[in-house]
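**Student:** One structure, pasted below without further comment.
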Amino acid sequence: MKLIFEKSREGIGCSILPDCDVPVCSLSDGQKRQEAWKLPQIAEVDISRHYKELVKRVHGVNDGFYPLGSCTMKYNPQVNEEMAKLPGFTGIHPLQPADTVQGCLSVIKELETDLCEITGMDGMTMQPAAGAHGEFTGLLLIKAYLQAKGETKRTKIIVPDSAHGTNPASASMAGFDIVNIPSNEEGCVDLEALRAAVGEDTAGLMLTNPNTVGIFDKNILDITSIIHEAGGLCYYDGANLNAIMGIVRPGDMGFDVIHLNLHKTFSTPHGGGGPGAGAVGCKEFLKPFLPDDYVVETESGLAMVTPEQTIGRVKEFYGNFLVVVKALAYVKTLGKEGIPEASSNAVLNANYMRVCLKDTYDMAYEGICMHEFVMTLEKLHHDKDVSALDVAKMLLDNGIHPPTMYFPLIVHEALMVEPTETESKETLDHAVEVFKKIYATAMENPEILHQCPMTTPVGRLDEVRAARNPVLKYE
Ligand SMILES: *Cc1c(COP(=O)(O)O)cnc(C)c1O
(Lines give C-alpha, C1' and ligand atoms only; values in the text may rest on other atoms or scores of the structure.)
Protein backbone atom coordinates (compact mmCIF):
# COMPACT_ATOMS: atom_id res chain seq x y z
CA MET A 1 0.00 0.00 0.00
CA LYS A 2 1.28 3.47 -0.92
CA LEU A 3 1.75 6.20 1.65
CA ILE A 4 -0.58 9.14 1.29
CA PHE A 5 2.45 11.27 0.39
CA GLU A 6 3.27 8.92 -2.48
CA LYS A 7 -0.26 9.35 -3.82
CA SER A 8 0.10 13.13 -3.72
CA ARG A 9 0.09 15.01 -7.04
CA GLU A 10 0.93 18.67 -7.47
CA GLY A 11 -2.15 20.82 -7.87
CA ILE A 12 -4.74 18.22 -6.83
CA GLY A 13 -6.62 19.06 -3.73
CA CYS A 14 -9.90 19.61 -2.07
CA SER A 15 -11.06 22.79 -0.48
CA ILE A 16 -13.86 22.03 1.88
CA LEU A 17 -13.51 25.14 4.06
CA PRO A 18 -16.06 27.91 3.51
CA ASP A 19 -14.89 31.40 2.57
CA CYS A 20 -13.53 33.39 5.46
CA ASP A 21 -16.24 35.61 6.90
CA VAL A 22 -14.17 37.49 9.51
CA PRO A 23 -11.53 40.18 8.94
CA VAL A 24 -8.20 38.65 7.94
CA CYS A 25 -5.44 39.48 10.38
CA SER A 26 -1.89 39.10 9.25
CA LEU A 27 0.85 37.60 11.37
CA SER A 28 4.19 39.19 12.05
CA ASP A 29 7.23 37.58 10.40
CA GLY A 30 8.28 36.00 13.66
CA GLN A 31 4.98 34.18 13.92
CA LYS A 32 5.05 32.79 10.41
CA ARG A 33 6.46 29.36 9.55
CA GLN A 34 9.81 29.49 7.81
CA GLU A 35 9.12 26.88 5.13
CA ALA A 36 5.97 25.92 3.29
CA TRP A 37 4.35 22.94 5.05
CA LYS A 38 4.46 19.59 3.39
CA LEU A 39 0.95 18.26 3.03
CA PRO A 40 -0.14 15.62 0.55
CA GLN A 41 -2.18 17.00 -2.36
CA ILE A 42 -4.99 14.60 -2.96
CA ALA A 43 -8.66 14.60 -3.87
CA GLU A 44 -11.32 14.09 -1.19
CA VAL A 45 -12.47 10.73 -2.55
CA ASP A 46 -8.91 9.43 -2.60
CA ILE A 47 -8.34 10.56 0.99
CA SER A 48 -11.46 8.66 1.97
CA ARG A 49 -10.31 5.51 0.12
CA HIS A 50 -6.83 5.78 1.58
CA TYR A 51 -8.11 5.72 5.13
CA LYS A 52 -10.67 3.04 4.37
CA GLU A 53 -7.84 0.86 3.09
CA LEU A 54 -5.91 1.49 6.31
CA VAL A 55 -8.97 0.62 8.38
CA LYS A 56 -9.23 -2.74 6.60
CA ARG A 57 -5.71 -3.59 7.75
CA VAL A 58 -6.47 -3.10 11.41
CA HIS A 59 -7.83 -5.84 13.65
CA GLY A 60 -10.25 -4.42 16.18
CA VAL A 61 -12.75 -5.88 18.62
CA ASN A 62 -15.42 -5.47 15.93
CA ASP A 63 -13.41 -7.60 13.46
CA GLY A 64 -12.89 -10.69 15.53
CA PHE A 65 -11.74 -12.34 18.73
CA TYR A 66 -9.18 -10.22 20.61
CA PRO A 67 -8.03 -12.14 23.71
CA LEU A 68 -5.19 -9.77 24.60
CA GLY A 69 -4.51 -10.60 28.24
CA SER A 70 -4.51 -7.79 30.82
CA CYS A 71 -6.05 -5.39 28.28
CA THR A 72 -9.73 -6.35 28.60
CA MET A 73 -10.51 -5.96 24.91
CA LYS A 74 -14.24 -6.36 25.31
CA TYR A 75 -16.98 -5.18 22.98
CA ASN A 76 -17.88 -1.57 23.68
CA PRO A 77 -21.60 -0.96 23.16
CA GLN A 78 -22.31 1.56 20.39
CA VAL A 79 -24.89 3.28 22.57
CA ASN A 80 -22.06 4.58 24.76
CA GLU A 81 -20.51 6.20 21.71
CA GLU A 82 -23.86 7.80 20.94
CA MET A 83 -23.98 9.23 24.46
CA ALA A 84 -20.46 10.61 24.14
CA LYS A 85 -21.44 12.26 20.84
CA LEU A 86 -24.29 14.32 22.36
CA PRO A 87 -23.69 18.00 21.57
CA GLY A 88 -24.19 18.95 25.23
CA PHE A 89 -20.99 17.01 25.96
CA THR A 90 -18.94 17.71 22.84
CA GLY A 91 -19.86 21.38 22.52
CA ILE A 92 -18.70 22.68 25.90
CA HIS A 93 -15.63 24.82 26.33
CA PRO A 94 -13.31 23.79 29.16
CA LEU A 95 -13.13 27.36 30.44
CA GLN A 96 -16.89 27.79 30.73
CA PRO A 97 -18.03 28.86 34.23
CA ALA A 98 -19.09 25.92 36.39
CA ASP A 99 -22.72 27.09 36.60
CA THR A 100 -23.04 26.65 32.80
CA VAL A 101 -21.72 23.05 32.75
CA GLN A 102 -23.67 21.53 35.63
CA GLY A 103 -24.71 18.54 33.50
CA CYS A 104 -21.13 17.65 32.63
CA LEU A 105 -20.00 18.08 36.24
CA SER A 106 -22.82 15.81 37.37
CA VAL A 107 -21.59 13.13 34.94
CA ILE A 108 -18.21 13.27 36.69
CA LYS A 109 -19.75 13.32 40.16
CA GLU A 110 -22.21 10.53 39.45
CA LEU A 111 -19.52 8.28 38.02
CA GLU A 112 -17.36 9.05 41.04
CA THR A 113 -20.20 7.97 43.36
CA ASP A 114 -20.85 4.74 41.43
CA LEU A 115 -17.18 3.79 41.09
CA CYS A 116 -16.53 4.54 44.76
CA GLU A 117 -19.35 2.15 45.61
CA ILE A 118 -17.93 -0.51 43.28
CA THR A 119 -14.39 -0.17 44.65
CA GLY A 120 -14.95 0.79 48.30
CA MET A 121 -13.26 4.17 47.99
CA ASP A 122 -14.35 7.57 49.38
CA GLY A 123 -13.30 9.93 46.61
CA MET A 124 -12.13 9.74 43.01
CA THR A 125 -10.61 11.98 40.35
CA MET A 126 -11.26 11.41 36.65
CA GLN A 127 -8.32 13.57 35.55
CA PRO A 128 -5.53 11.08 34.68
CA ALA A 129 -5.43 10.04 31.02
CA ALA A 130 -4.49 6.36 31.39
CA GLY A 131 -3.71 3.60 33.86
CA ALA A 132 -0.03 4.46 34.05
CA HIS A 133 -0.90 8.12 34.55
CA GLY A 134 -3.27 7.08 37.33
CA GLU A 135 -0.48 5.10 39.00
CA PHE A 136 1.74 8.17 38.91
CA THR A 137 -1.08 10.29 40.36
CA GLY A 138 -1.86 7.75 43.10
CA LEU A 139 1.79 7.53 44.08
CA LEU A 140 1.97 11.31 44.30
CA LEU A 141 -0.97 11.12 46.73
CA ILE A 142 0.97 8.64 48.86
CA LYS A 143 4.07 10.80 48.69
CA ALA A 144 2.22 14.00 49.62
CA TYR A 145 0.49 12.24 52.52
CA LEU A 146 3.76 10.86 53.91
CA GLN A 147 5.46 14.23 53.52
CA ALA A 148 2.61 16.01 55.29
CA LYS A 149 3.10 13.58 58.19
CA GLY A 150 6.83 14.29 58.20
CA GLU A 151 7.61 10.71 57.20
CA THR A 152 10.25 11.67 54.69
CA LYS A 153 12.38 8.54 55.26
CA ARG A 154 9.70 6.39 53.64
CA THR A 155 11.13 6.23 50.13
CA LYS A 156 10.55 2.63 49.06
CA ILE A 157 7.69 1.12 47.10
CA ILE A 158 7.42 -2.67 47.10
CA VAL A 159 6.44 -4.23 43.76
CA PRO A 160 6.08 -7.99 43.13
CA ASP A 161 8.02 -9.44 40.19
CA SER A 162 4.73 -10.28 38.45
CA ALA A 163 3.75 -6.59 38.24
CA HIS A 164 2.96 -4.73 35.05
CA GLY A 165 6.01 -2.75 33.90
CA THR A 166 4.21 0.53 34.45
CA ASN A 167 4.14 -0.08 38.25
CA PRO A 168 7.88 0.24 38.91
CA ALA A 169 8.14 2.90 36.20
CA SER A 170 5.45 5.10 37.79
CA ALA A 171 6.91 4.63 41.27
CA SER A 172 10.30 5.63 39.98
CA MET A 173 8.87 8.68 38.19
CA ALA A 174 7.17 9.71 41.43
CA GLY A 175 10.61 9.67 43.07
CA PHE A 176 10.45 6.37 44.96
CA ASP A 177 12.98 3.55 45.02
CA ILE A 178 11.67 0.14 43.99
CA VAL A 179 11.95 -3.03 46.05
CA ASN A 180 11.16 -6.10 43.98
CA ILE A 181 9.80 -9.17 45.73
CA PRO A 182 9.54 -12.65 44.21
CA SER A 183 6.24 -14.49 43.72
CA ASN A 184 5.62 -17.97 45.13
CA GLU A 185 4.83 -21.11 43.06
CA GLU A 186 1.18 -20.08 42.81
CA GLY A 187 2.17 -16.78 41.23
CA CYS A 188 1.05 -14.91 44.35
CA VAL A 189 2.85 -12.70 46.87
CA ASP A 190 5.35 -14.61 49.00
CA LEU A 191 4.38 -13.49 52.52
CA GLU A 192 7.82 -14.27 53.96
CA ALA A 193 9.51 -12.24 51.25
CA LEU A 194 7.06 -9.42 51.92
CA ARG A 195 7.69 -9.47 55.68
CA ALA A 196 11.42 -9.38 55.00
CA ALA A 197 11.06 -6.44 52.64
CA VAL A 198 9.07 -4.03 54.83
CA GLY A 199 10.65 -1.60 57.26
CA GLU A 200 10.87 2.00 58.37
CA ASP A 201 11.66 3.04 54.82
CA THR A 202 8.50 1.45 53.33
CA ALA A 203 6.24 3.98 51.66
CA GLY A 204 3.89 1.39 50.26
CA LEU A 205 3.08 -1.57 48.06
CA MET A 206 1.68 -1.71 44.52
CA LEU A 207 -0.41 -4.73 43.69
CA THR A 208 -3.06 -5.94 41.31
CA ASN A 209 -5.53 -8.58 42.49
CA PRO A 210 -6.32 -10.76 40.62
CA ASN A 211 -2.69 -10.53 39.67
CA THR A 212 -1.12 -10.57 36.24
CA VAL A 213 -1.22 -14.38 36.08
CA GLY A 214 -5.00 -14.26 36.52
CA ILE A 215 -5.06 -15.56 40.08
CA PHE A 216 -6.84 -14.01 43.04
CA ASP A 217 -4.39 -13.70 45.93
CA LYS A 218 -6.24 -15.23 48.89
CA ASN A 219 -3.73 -13.75 51.33
CA ILE A 220 -4.74 -10.24 50.40
CA LEU A 221 -5.84 -9.22 53.91
CA ASP A 222 -2.52 -10.43 55.36
CA ILE A 223 -0.63 -8.62 52.62
CA THR A 224 -2.30 -5.26 53.20
CA SER A 225 -1.97 -5.54 56.97
CA ILE A 226 1.75 -6.33 56.75
CA ILE A 227 2.16 -3.07 54.82
CA HIS A 228 -0.08 -1.05 57.13
CA GLU A 229 1.64 -2.38 60.25
CA ALA A 230 4.96 -1.32 58.78
CA GLY A 231 3.53 2.20 58.27
CA GLY A 232 3.09 2.07 54.51
CA LEU A 233 0.09 2.50 52.21
CA CYS A 234 -1.41 0.04 49.74
CA TYR A 235 -1.88 0.93 46.09
CA TYR A 236 -4.26 -1.14 43.94
CA ASP A 237 -3.60 -1.42 40.23
CA GLY A 238 -7.19 -1.77 39.01
CA ALA A 239 -6.42 -2.95 35.48
CA ASN A 240 -7.87 -6.35 36.37
CA LEU A 241 -11.08 -5.06 37.94
CA ASN A 242 -13.07 -6.74 35.17
CA ALA A 243 -12.70 -9.98 37.12
CA ILE A 244 -14.22 -8.75 40.38
CA MET A 245 -16.40 -5.68 39.91
CA GLY A 246 -19.52 -5.81 42.02
CA ILE A 247 -18.24 -8.93 43.78
CA VAL A 248 -15.33 -7.87 45.98
CA ARG A 249 -13.94 -4.37 46.61
CA PRO A 250 -10.32 -3.23 46.72
CA GLY A 251 -11.28 -0.90 49.57
CA ASP A 252 -12.39 -3.90 51.64
CA MET A 253 -9.16 -5.75 50.77
CA GLY A 254 -7.26 -2.98 52.57
CA PHE A 255 -6.19 -0.76 49.69
CA ASP A 256 -5.89 2.98 50.32
CA VAL A 257 -5.56 4.25 46.77
CA ILE A 258 -6.45 2.70 43.43
CA HIS A 259 -6.64 3.43 39.75
CA LEU A 260 -9.19 2.07 37.31
CA ASN A 261 -8.58 1.83 33.59
CA LEU A 262 -11.94 3.15 32.42
CA HIS A 263 -10.95 2.23 28.86
CA LYS A 264 -10.51 -1.42 29.88
CA THR A 265 -13.21 -2.27 32.41
CA PHE A 266 -15.70 0.47 31.68
CA SER A 267 -16.00 0.35 27.93
CA THR A 268 -13.94 2.62 25.72
CA PRO A 269 -12.37 1.27 22.53
CA HIS A 270 -8.62 1.25 23.08
CA GLY A 271 -5.50 -0.35 21.76
CA GLY A 272 -4.67 2.25 19.15
CA GLY A 273 -3.27 4.64 21.70
CA GLY A 274 -6.19 6.28 23.39
CA PRO A 275 -7.95 8.28 24.58
CA GLY A 276 -8.33 6.55 27.92
CA ALA A 277 -8.90 7.50 31.51
CA GLY A 278 -7.15 6.30 34.66
CA ALA A 279 -9.57 7.33 37.38
CA VAL A 280 -7.84 7.43 40.79
CA GLY A 281 -9.81 6.62 43.92
CA CYS A 282 -8.72 6.97 47.52
CA LYS A 283 -9.81 6.61 51.11
CA GLU A 284 -11.06 9.63 53.06
CA PHE A 285 -7.68 10.53 54.59
CA LEU A 286 -6.12 10.98 51.13
CA LYS A 287 -8.90 13.15 49.69
CA PRO A 288 -7.26 16.47 50.69
CA PHE A 289 -4.38 15.59 48.34
CA LEU A 290 -6.47 14.83 45.22
CA PRO A 291 -5.65 16.73 42.02
CA ASP A 292 -6.87 20.24 41.38
CA ASP A 293 -9.83 20.61 40.46
CA TYR A 294 -12.16 18.30 42.30
CA VAL A 295 -15.94 18.34 41.82
CA VAL A 296 -17.96 18.95 45.00
CA GLU A 297 -21.59 19.55 45.78
CA THR A 298 -22.41 22.97 47.19
CA GLU A 299 -25.67 24.72 48.04
CA SER A 300 -25.66 26.43 44.67
CA GLY A 301 -24.89 23.27 42.68
CA LEU A 302 -21.73 21.47 41.64
CA ALA A 303 -18.45 23.35 41.80
CA MET A 304 -14.80 22.74 41.03
CA VAL A 305 -12.59 23.25 44.07
CA THR A 306 -8.90 22.99 44.90
CA PRO A 307 -8.40 20.33 47.59
CA GLU A 308 -6.52 21.77 50.60
CA GLN A 309 -3.24 19.92 50.19
CA THR A 310 -3.58 19.10 46.50
CA ILE A 311 -0.75 17.49 44.56
CA GLY A 312 -1.72 19.92 41.77
CA ARG A 313 -3.08 19.32 38.34
CA VAL A 314 -2.12 16.15 36.45
CA LYS A 315 -4.00 16.86 33.22
CA GLU A 316 -5.57 19.95 31.75
CA PHE A 317 -9.22 20.73 32.47
CA TYR A 318 -11.53 17.73 33.00
CA GLY A 319 -9.25 14.95 31.74
CA ASN A 320 -10.56 12.84 28.87
CA PHE A 321 -14.14 13.73 29.66
CA LEU A 322 -15.89 11.76 26.91
CA VAL A 323 -14.32 8.55 28.23
CA VAL A 324 -15.99 9.41 31.54
CA VAL A 325 -19.33 9.82 29.74
CA LYS A 326 -18.97 6.35 28.16
CA ALA A 327 -18.05 4.80 31.52
CA LEU A 328 -21.14 6.30 33.15
CA ALA A 329 -23.35 5.10 30.27
CA TYR A 330 -21.87 1.62 30.71
CA VAL A 331 -22.32 1.51 34.49
CA LYS A 332 -25.92 2.79 34.25
CA THR A 333 -26.79 0.30 31.50
CA LEU A 334 -25.50 -2.68 33.46
CA GLY A 335 -26.72 -1.53 36.85
CA LYS A 336 -26.29 -3.30 40.19
CA GLU A 337 -27.11 -6.73 38.78
CA GLY A 338 -25.31 -6.39 35.46
CA ILE A 339 -21.95 -5.31 36.87
CA PRO A 340 -21.23 -8.50 38.88
CA GLU A 341 -22.80 -10.57 36.09
CA ALA A 342 -20.29 -9.16 33.59
CA SER A 343 -17.42 -10.11 35.91
CA SER A 344 -18.82 -13.58 36.55
CA ASN A 345 -19.10 -14.20 32.82
CA ALA A 346 -15.56 -12.92 32.21
CA VAL A 347 -14.30 -15.44 34.76
CA LEU A 348 -16.51 -18.21 33.36
CA ASN A 349 -15.31 -17.60 29.79
CA ALA A 350 -11.66 -17.68 30.84
CA ASN A 351 -12.11 -20.91 32.77
CA TYR A 352 -14.06 -22.49 29.91
CA MET A 353 -11.19 -21.84 27.51
CA ARG A 354 -8.58 -22.86 30.06
CA VAL A 355 -10.25 -26.22 30.66
CA CYS A 356 -10.70 -26.82 26.91
CA LEU A 357 -7.01 -26.16 26.32
CA LYS A 358 -5.32 -27.58 29.38
CA ASP A 359 -4.75 -31.05 27.97
CA THR A 360 -3.08 -29.57 24.89
CA TYR A 361 -1.09 -26.61 26.20
CA ASP A 362 0.79 -26.35 29.49
CA MET A 363 -0.81 -23.95 31.93
CA ALA A 364 1.66 -21.83 33.91
CA TYR A 365 -0.41 -22.27 37.09
CA GLU A 366 -2.76 -24.97 38.30
CA GLY A 367 -6.35 -24.47 39.30
CA ILE A 368 -9.20 -22.09 38.68
CA CYS A 369 -8.28 -18.74 37.20
CA MET A 370 -10.06 -15.41 37.26
CA HIS A 371 -10.65 -13.45 34.04
CA GLU A 372 -7.48 -14.61 32.28
CA PHE A 373 -5.03 -17.49 32.23
CA VAL A 374 -1.40 -17.89 31.29
CA MET A 375 0.01 -20.73 29.22
CA THR A 376 3.71 -21.55 29.01
CA LEU A 377 5.08 -22.82 25.72
CA GLU A 378 8.49 -23.59 27.16
CA LYS A 379 8.25 -27.31 26.38
CA LEU A 380 6.97 -26.73 22.86
CA HIS A 381 9.82 -24.32 22.30
CA HIS A 382 12.34 -26.81 23.61
CA ASP A 383 10.98 -29.86 21.79
CA LYS A 384 9.80 -28.37 18.50
CA ASP A 385 11.47 -24.97 18.31
CA VAL A 386 8.03 -23.37 18.20
CA SER A 387 7.84 -20.23 20.33
CA ALA A 388 4.95 -18.24 21.79
CA LEU A 389 5.67 -15.72 19.02
CA ASP A 390 5.25 -18.39 16.32
CA VAL A 391 1.88 -19.45 17.73
CA ALA A 392 0.81 -15.79 17.93
CA LYS A 393 1.73 -15.29 14.27
CA MET A 394 -0.26 -18.34 13.17
CA LEU A 395 -3.28 -17.07 15.11
CA LEU A 396 -3.15 -13.96 12.91
CA ASP A 397 -3.52 -16.18 9.84
CA ASN A 398 -6.67 -17.53 11.46
CA GLY A 399 -8.26 -14.12 12.03
CA ILE A 400 -7.60 -14.09 15.77
CA HIS A 401 -5.67 -11.36 17.50
CA PRO A 402 -2.85 -12.96 19.50
CA PRO A 403 -2.99 -13.10 23.28
CA THR A 404 -0.47 -11.04 25.25
CA MET A 405 2.99 -12.56 24.71
CA TYR A 406 6.00 -12.81 26.99
CA PHE A 407 4.16 -11.20 29.90
CA PRO A 408 4.26 -11.56 32.83
CA LEU A 409 8.03 -11.90 32.79
CA ILE A 410 8.01 -14.61 35.46
CA VAL A 411 6.50 -17.11 32.97
CA HIS A 412 8.72 -18.34 30.12
CA GLU A 413 7.24 -18.38 26.61
CA ALA A 414 4.04 -16.94 28.04
CA LEU A 415 0.74 -16.53 26.24
CA MET A 416 -1.83 -14.75 28.37
CA VAL A 417 -5.42 -15.21 27.25
CA GLU A 418 -8.29 -12.93 28.34
CA PRO A 419 -11.47 -13.76 26.43
CA THR A 420 -13.71 -11.22 28.30
CA GLU A 421 -17.42 -11.62 29.00
CA THR A 422 -18.63 -10.33 25.65
CA GLU A 423 -17.58 -13.41 23.64
CA SER A 424 -20.05 -16.16 22.80
CA LYS A 425 -19.49 -19.88 23.37
CA GLU A 426 -19.24 -20.30 19.58
CA THR A 427 -16.38 -17.79 19.41
CA LEU A 428 -14.58 -19.48 22.30
CA ASP A 429 -15.08 -22.94 20.74
CA HIS A 430 -13.71 -21.68 17.44
CA ALA A 431 -10.66 -20.17 19.16
CA VAL A 432 -10.04 -23.42 21.05
CA GLU A 433 -10.20 -25.32 17.76
CA VAL A 434 -7.68 -22.93 16.19
CA PHE A 435 -5.33 -23.24 19.18
CA LYS A 436 -5.53 -27.04 18.92
CA LYS A 437 -4.96 -26.98 15.17
CA ILE A 438 -1.86 -24.83 15.69
CA TYR A 439 -0.58 -27.27 18.28
CA ALA A 440 -1.09 -30.18 15.89
CA THR A 441 0.80 -28.28 13.19
CA ALA A 442 3.62 -27.61 15.64
CA MET A 443 3.87 -31.35 16.31
CA GLU A 444 3.74 -32.49 12.70
CA ASN A 445 5.32 -29.71 10.73
CA PRO A 446 6.82 -27.02 12.98
CA GLU A 447 8.57 -25.34 10.05
CA ILE A 448 5.20 -23.97 8.84
CA LEU A 449 4.87 -21.91 12.02
CA HIS A 450 8.14 -20.12 11.35
CA GLN A 451 6.71 -18.81 8.09
CA CYS A 452 3.55 -17.34 9.61
CA PRO A 453 1.87 -14.95 9.18
CA MET A 454 1.20 -15.54 5.50
CA THR A 455 -2.09 -13.67 5.06
CA THR A 456 -1.31 -10.31 6.66
CA PRO A 457 -0.13 -7.19 4.72
CA VAL A 458 3.36 -7.60 6.21
CA GLY A 459 5.05 -10.72 7.54
CA ARG A 460 7.64 -10.83 10.30
CA LEU A 461 8.87 -7.40 11.17
CA ASP A 462 12.30 -6.57 12.46
CA GLU A 463 10.94 -5.54 15.84
CA VAL A 464 14.32 -4.62 17.29
CA ARG A 465 15.06 -2.28 14.40
CA ALA A 466 11.55 -0.84 14.57
CA ALA A 467 12.03 -0.09 18.27
CA ARG A 468 15.61 1.19 18.04
CA ASN A 469 15.34 3.07 14.79
CA PRO A 470 11.73 4.06 14.27
CA VAL A 471 10.96 6.06 11.14
CA LEU A 472 7.84 7.96 12.08
CA LYS A 473 7.94 10.81 9.60
CA TYR A 474 7.80 11.00 5.83
CA GLU A 475 10.93 12.71 4.53
C1 LIG B 1 -2.96 -1.92 31.16
C2 LIG B 1 -2.31 -2.08 32.48
C3 LIG B 1 -1.67 -0.99 33.11
C4 LIG B 1 -1.44 0.34 32.45
O5 LIG B 1 -2.58 0.96 31.98
P6 LIG B 1 -2.59 1.94 30.71
O7 LIG B 1 -3.97 2.45 30.67
O8 LIG B 1 -2.19 1.12 29.53
O9 LIG B 1 -1.57 3.02 30.99
C10 LIG B 1 -1.19 -1.20 34.38
N11 LIG B 1 -1.27 -2.40 34.99
C12 LIG B 1 -1.84 -3.46 34.40
C13 LIG B 1 -1.91 -4.78 35.14
C14 LIG B 1 -2.37 -3.35 33.12
O15 LIG B 1 -2.92 -4.41 32.52
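**Student:** Can you list the helices (runs of 4 or more DSSP H) lying wholly within the stretch 36-147 that have 1 or more residues being within 26 Å of the chain's Cα centre (by Cα), basic (Lys, Arg) and over 30 Å from ALA414 (Cα atoms)?
**Tutor:** 102-119
**Student:** Can you say whether GLU297 is among the acidic types (Asp, Glu), over 21 Å from the mean Cα position of the chain (by Cα), outside any loop (DSSP other than H, G, I, E, B) and more than 18 Å from GLU421 (Cβ to Cβ), as far as the supplied structure shows?
**Tutor:** Here the answer is yes, as GLU297 does meet what is asked.
**Student:** Please verify whether the stretch 237-249 includes one or more residues that are on the phi > 0 side of the Ramachandran plot and either free of Cβ contacts under 8 Å to residues at least 24 places away in the same chain or of a type in the set (Val, Ile, Thr) (or both).
**Tutor:** No: zero hits.
**Student:** When both residues are 6+ apart or on different chains and their Cβ atoms are under 7 Å apart, which pairs have a first residue that lies in the stretch 108-134 and is more than 13 Å from VAL295 (Cβ to Cβ), and a second that is among the hydroxyl-bearing types (Ser, Thr, Tyr) and at pLDDT 95 or above?
**Tutor:** Correct list of pairs: PRO128/THR137; GLY131/THR166; ALA132/THR166; ALA132/SER170.
**Student:** For the structure I just gave you, tell me whether VAL55 is among the β-branched types (Val, Ile, Thr) and within 16 Å of the ligand (Cβ to nearest atom).
**Tutor:** When the stated conditions are applied, VAL55 does not pass them.
**Student:** Also, I was wondering about something else. Within the stretch 306-316, can one find any residue that is in contact with a Pro (Cβ under 9 Å, 6 or more places away or on another chain), acidic (Asp, Glu) and in contact (Cβ under 8 Å) with a residue 24 or more places away in the chain?
**Tutor:** Yes, some residue in the stretch 306-316 is in contact with a Pro (Cβ under 9 Å, 6 or more places away or on another chain), acidic (Asp, Glu) and in contact (Cβ under 8 Å) with a residue 24 or more places away in the chain.
**Student:** From the residues in the stretch 243-267 that are within 14 Å of ASP122 (Cβ to Cβ) and part of a helix (DSSP H, G or I), which one is farthest from the ligand (Cβ to nearest atom)?
**Tutor:** ASP252
**Student:** Please determine whether any residue of the stretch 293-300 is in contact with a Cys (Cβ under 8 Å, 6 or more places away or on another chain) and at pLDDT below 95.
**Tutor:** Looking for residues that are in contact with a Cys (Cβ under 8 Å, 6 or more places away or on another chain) and at pLDDT below 95, one finds none in the stretch 293-300, hence no.
**Student:** Out of the helices (runs of 4 or more DSSP H) lying entirely within the stretch 357-473, which hold 2 or more residues that are within 23 Å of the chain's Cα centre (by Cα)?
**Tutor:** So the answer is 388-397, 463-468.
**Student:** Being among the aliphatic types (A, V, I, L, M), in a loop (DSSP other than H, G, I, E, B), modelled with pLDDT of 95 or more and in contact with a Phe, Trp or Tyr (Cβ under 8 Å, 6 or more places away or on another chain) is the filter here, so list the residues in the stretch 184-224 that pass it.
**Tutor:** ILE215
**Student:** Taking the stretch 267-292, which residues are under 14 Å from THR310 (Cα atoms) and of a type in the set (Val, Ile, Thr)?
**Tutor:** The one that is under 14 Å from THR310 (Cα atoms) and of a type in the set (Val, Ile, Thr): VAL280.
**Student:** If you go through the stretch 284-294, how many residues are touching a strand residue (DSSP E or B) at 6+ places or on another chain (Cβ under 8 Å), among the charged types (D, E, K, R) and over 16 Å from LYS149 (Cα atoms)?
**Tutor:** Number satisfying all stated conditions: 1.
**Student:** Another question, then. Run ALA350 past the list (1) within 16 Å of the ligand (Cβ to nearest atom); (2) in contact with a helix residue (DSSP H, G or I) (Cβ under 7 Å, 6 or more places away or on another chain); (3) modelled with pLDDT of 95 or more and report the number of the one that doesn't hold.
**Tutor:** (2)
**Student:** Could you grab me the full set of residues in the stretch 128-151 that are crowded, with 20+ Cβ neighbours inside 10 Å and basic (Lys, Arg)?
**Tutor:** LYS143
**Student:** Can you name the condition, by its number, that GLU10 falls short on among (1) closer than 30 Å to SER267 by Cβ; (2) more than 16 Å from the ligand (Cβ to nearest atom)?
**Tutor:** Tallying (1) closer than 30 Å to SER267 by Cβ; (2) more than 16 Å from the ligand (Cβ to nearest atom), GLU10 fails exactly one: (1).
**Student:** Which of the following residues is touching a residue at least 24 places away in the same chain (Cβ under 8 Å) and within 16 Å of the ligand (Cβ to nearest atom): LEU139, LEU194, LEU146?
**Tutor:** Only one candidate passes the filter, namely LEU139.
**Student:** Which one of these is over 21 Å from ALA346 (Cβ atoms), within 16 Å of the ligand (Cβ to nearest atom) and surrounded by fewer than 24 Cβ atoms within 10 Å (Cβ to Cβ): SER170, SER183, SER225?
**Tutor:** One residue alone meets the criteria, SER183.
The values are calculated or read from the model by the stated rules, or taken from the named source; none is laboratory data. Since the structure is predicted, the reported quantities are computational estimates derived from the model, not experimental observations. Cβ atoms come from the backbone with ideal geometry, glycine included; neighbour counts cover every protein chain shown.
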